[in-house]
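Below: one structure, written as structure tokens.
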Amino acid sequence: MMTRSQQGRTNRLTRPSIAVAAAVAVTAGVVAAAPDAKTAAVAGPKLSLIAASTSVTLDSWKEEPGVYLDLGTYLTSEKGAFEFKVTRKSYKDPVVASQIIRNGKKTTTKALPAGLVKDFTGLPDFMEVSVVDAAGKPVLKKTENFCPNNASGRVRPDAPANSKYPQSCPVNPFTLGSVWGVENGWAANTYAGYYSAPVQLAAGTYTAKVSVTKKYRDLFGIANKPQSVKVTVRERSWEGQEGGSGGAAAKVASSSPHAGHAGHQAAASEHAGHGAAAAPSGHAGHGAPARTDAPAAATTGAGSTFNVGHGPYPPAPPALPWALKKQAGKGAFGAQGFSAARVGDRAGQTDGSRQAPGAQPNAKRPTGKAAVPDVPKPDLRSLPAYGITVSDGYEDVPGKDYLAFSANVWNAGPAKLVVDGFRSPGKELMDAYQYFYDAKGKQVGYTPTGTMEWDPRPGHEHWHFTDFASYRLLKADKKETVRSGKEAFCLANTDAVDYTVKNANWHPGNTDLSTACGQENSISVREVLDIGSGDTYTQDLPGQSFDITDLPNGTYYIQVLANPENRLKETNHKNNSALRKVVLGGKKGARTVKVPAHHLVNAN
């Protein structure tokens, strides 16, 4: 949700996606039926389950068995948007979801049953999928979650040209608030995208029946109209593809549902280690593992962009080091069973993962007297560390043990953080300035705020703003024992942390590292942290992650500290620190870490 989701969020339907949207529109006219008396009594928009096509062809790759069930079914919303506000007061409180029903100037809030929604990834067990083979024998039955912000398109020409809703249902375990919605006159793909596990189906023909589960039909007044889709599963292989096996991996990576899967294979033979060649980013953004692309074919429009968003763009992969846990074999992380990851930032998508254009810096450095006006300012806050693992130093630093983790600093608003860097000819550092804006968006002040430096290391290769955050390992008495060497950061909007705060921007720009952080020969750079969004960095490189080689076993706290030198002007400096308890164990060369739950958040 892990590290760089970069991705304004404008409607991104390409021609193939538009074709699907058109198919959805045609189908909607055929299948939409008037609900019965029971469903008609339920307040809210009219929802219908439709199928864009009566048949689909899905690929099963020999090198990575499994089929992703993107069956092309959509949930349409008419007579209003299908909208939700999802929040939690704190990490001590459960997630609460409410449906927002708008009728002209009247807005009604309808709380969903307590405990129904447990996180921010969508409505759990919303869809039921059953599959029978050509002989009518049942071979599969499963339920799937539904993210209303999933890949979508219009179902009628007079619907709004763009959806107002975000392009994701966040997966960061420390998300605080989210907004979900299917725009009025739009349809959202019911397929869970990257976050749905593949199923085992042999090559052949099948019939799939897709329906909304009864509890949601009753809750939202959806007619019981299952959709039937003919499914052809064809087996394919990377061997024999254009360019041989290596070329096949590259080709698959750019054009097939298993794009990233090929990338994993291609990368697996090259030990990446700490500080090695950069990985494709994605939800792994700043320090990323080799990532996979959308399991949906590019023509479906179902591939997620910001976690699960408008396609057809690659989805955000799980946050590093979470992704490592899902890979087989010992790899670089020894006994824990993790495989080696390519690390680094790299140009491309990161944690949420679309490619929104970067903001352009002012043409010239500011003139006149620096001043900090009395206008709204950002509020930088830290999330507790997560994705916590131990690793060795690979061949780069043999005999060492490191504690790796992911950290996020986000902006609770009510104003965005804007920092420009300007380089004097021949100088290695840029001078950094923070800008301030009035309620109408007019720049009304600026102040010097340190420097930006070029990071030439593979996997970075962009401009870092210095002293944005600091990571420290504290002893049980909460006194510092180790500090991460990571002090400089490329700012980008990688995670939707809380889109319910005042002035939250549901469609942030400056989300793609290749546009957010400049090139080596850049004369100026603008880096932005928008309202409601956070910037996740993984700490995997020696000198960044904590060296725990000689630390005794016991209890420690990972501290994520935003704006450590108070260089940046913000509304509140008292909420910049977050602690996460960890317990170190094991022996040198085989260290272990236990991560207790953080109140109700039980994610390491």
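The values are calculated or read from the model by the stated rules, or taken from the named source; none is laboratory data. None of these values were measured; they are calculated from a predicted model. All Cβ positions, glycine included, derive from the backbone under ideal geometry; neighbour counts span all protein chains shown. Heavy atoms of the whole protein, side chains included, go into the accessibility calculation; ligands, DNA and RNA do not. Shrake-Rupley method; radii C 1.70, N 1.55, O 1.52, S 1.80 Å.
Hey, does region 212-231 have a residue that's more than 30 Å from Asn103 (Cα to Cα), touching a Lys or Arg at 6+ places or on another chain (Cβ under 6 Å) and assigned to a loop (DSSP other than H, G, I, E, B)? Checked region 212-231: no residue is more than 30 Å from Asn103 (Cα to Cα), touching a Lys or Arg at 6+ places or on another chain (Cβ under 6 Å) and assigned to a loop (DSSP other than H, G, I, E, B). Considering the conditions (1) assigned to a loop (DSSP other than H, G, I, E, B); (2) within 25 Å of Thr76 (Cβ to Cβ), Phe174 is excluded by exactly one of them, (2). The selection criterion, being farther than 28 Å from Asp158 by Cβ, at pLDDT 90 or above and under 21 Å from the mean Cα position of the chain (by Cα), holds for Val95.
Of all residues being more than 18 Å from Val409 (Cα to Cα) and open to solvent by less than 60 Å² (accessible area, probe 1.4 Å) in region 554-589, which is nearest to the chain's Cα centre (by Cα)? Just the residue, please. Filtering region 554-589 for residues that are more than 18 Å from Val409 (Cα to Cα) and open to solvent by less than 60 Å² (accessible area, probe 1.4 Å), the one nearest to the chain's Cα centre (by Cα) comes out as Val582.
Elements of the type strands (runs of 3 or more DSSP E) sitting completely within region 67-148 and holding at least 3 residues that are acidic (Asp, Glu): these cover 123-133. Summed over region 131-179, residues that are open to solvent by 40 Å² or more (accessible area, probe 1.4 Å) and hydroxyl-bearing (Ser, Thr, Tyr) total 1.
Tell me whether region 519-540 contains one or more residues that are touching a Cys at 6+ places or on another chain (Cβ under 6 Å), within 17 Å of Val418 (Cα to Cα) and either at pLDDT 85 or above or buried (at least 24 other Cβ atoms within 10 Å of the Cβ) (or both). No, region 519-540 contains no residue that is touching a Cys at 6+ places or on another chain (Cβ under 6 Å), within 17 Å of Val418 (Cα to Cα) and either at pLDDT 85 or above or buried (at least 24 other Cβ atoms within 10 Å of the Cβ) (or both).
When region 427-443 is examined, which residues are found to be of a type in the set (Gly, Ala, Ser) and within 13 Å of Ser524 (Cα to Cα)? Answer for region 427-443, where residues must be of a type in the set (Gly, Ala, Ser) and within 13 Å of Ser524 (Cα to Cα): just Ala432. Counting only residues that are in a strand (DSSP E or B) and acidic (Asp, Glu), which one in region 478-518 is modelled with the lowest pLDDT? Per the stated criteria, the residue is Glu480. Residue count for region 180-195 satisfying the condition of being within 15 Å of the chain's Cα centre (by Cα) and open to solvent by less than 10 Å² (accessible area, probe 1.4 Å): 2. Might you check whether a residue that is at pLDDT 90 or above, within 30 Å of Thr481 (Cα to Cα), open to solvent by less than 10 Å² (accessible area, probe 1.4 Å) and not in a loop (DSSP other than H, G, I, E, B) occurs anywhere in region 411-426? Yes, the conditions are met somewhere in region 411-426. May I ask you to verify whether Val560 is β-branched (Val, Ile, Thr), under 24 Å from Thr87 (Cα atoms) and in contact with a Pro (Cβ under 9 Å, 6 or more places away or on another chain)? It is true that Val560 is β-branched (Val, Ile, Thr), under 24 Å from Thr87 (Cα atoms) and in contact with a Pro (Cβ under 9 Å, 6 or more places away or on another chain). On the stretch given as region 76-92, residues that are over 29 Å from Asp158 (Cα atoms) and of a type in the set (S, T, N, Q) total 2. Restricting attention to region 344-385, the residues being under 20 Å from Gly534 (Cβ atoms) and either at pLDDT below 85 or acidic (Asp, Glu) (or both) number 16. Considering every residue within region 224-240, establish whether at least one is at pLDDT 95 or above and at positive phi. No, because not a single residue in region 224-240 is at pLDDT 95 or above and at positive phi.
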